[in-house]
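The values are calculated or read from the model by the stated rules, or taken from the named source; none is laboratory data. Bear in mind that the values here come from a model prediction, so they are computed numbers and not experimental data. When we count neighbours, we look across all protein chains shown, and the Cβ atoms used for this are built from the backbone with ideal geometry, even at glycine. Accessible surface areas use protein heavy atoms only, side chains included; no ligands, DNA or RNA. Shrake-Rupley method; radii C 1.70, N 1.55, O 1.52, S 1.80 Å.
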Amino acid sequence: MMRAVLAAVLATAVILPATVASAGPIEDRKAIMKGNGRDTKLGGDMLKGVAPFDAATANKILANYAAAAKAFPAHFPATSKTGGETEASSAIWSMPADWKIATEKFQKDTVAAAALKPTDAASFGKAFGMVTANCKSCHEGFRIKKS
């Protein structure tokens, strides 16, 4: 019974990417990344056994990533290079072809991961890995490292 209650709580805790009125490109992309961070933590916790695996929650996480990947690139206009607290690297604007390749790969991989519709931790781990590999490569190439 307790496990079912915890699974229900986790399922409702998964946050969709920001879909509210725009606060500006920097704030919007921060909101998307915050949602990705929550989903990454919850997905990782399920895979590590810290949280019980729940297929509905796992699939919602993957759907959230796909929605975030689709929306994310639009929040990097040239006007957002400066003017706010951002970790976006200038490489996004100085290497637009590389940025486009990275974001298109993220979009493709998140859609493919969501299409797998995992029903257990092993299949979720495969799908989750497809998604999070993109996170690492983008953070290394297109994000200013915090000091």
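Remarks
- Computed from label points 7 Å out along Cα-Cβ, the spacing between residue 140 and residue 87 is 1.6 nm.
- Selection among 106, 51, 64 by position relative to the dipole of the chain gives 51 as farthest towards the positive end (Cβ unit charges, Cα centre).
- From the coordinates shown, mean projected area of the Cα convex hull in nm² corresponds to which of (i) 9.2; (ii) 11.1; (iii) 11.7: (i)
- Segment residue 100-residue 71, extension gain: residue separation times 0.36 nm, minus the distance between their alpha carbons: 9.1 nm
- Rounded to whole Hz, the Karplus (6.51, -1.76, 1.60) HN-Hα couplings of region 49-65, x for glycine and proline: x, 5, 10, x, 5, 9, 4, 4, 5, 4, 5, 5, 4, 5, 5, 4, 4
- Partner lysines for residue 100 [C-alpha distance under 22 Å; skip if fewer than 8 residues away on the same chain]: 30, 34, 70, 81, 108, 136, 145
- Which of 22, 80 is most accessible, then next, and so on - probe 1.4 Å: 22, 80
- Nearest-0.05 FRET efficiency for residue 79 and residue 41, computed from C-beta distance (R0 22 Å): 0.10
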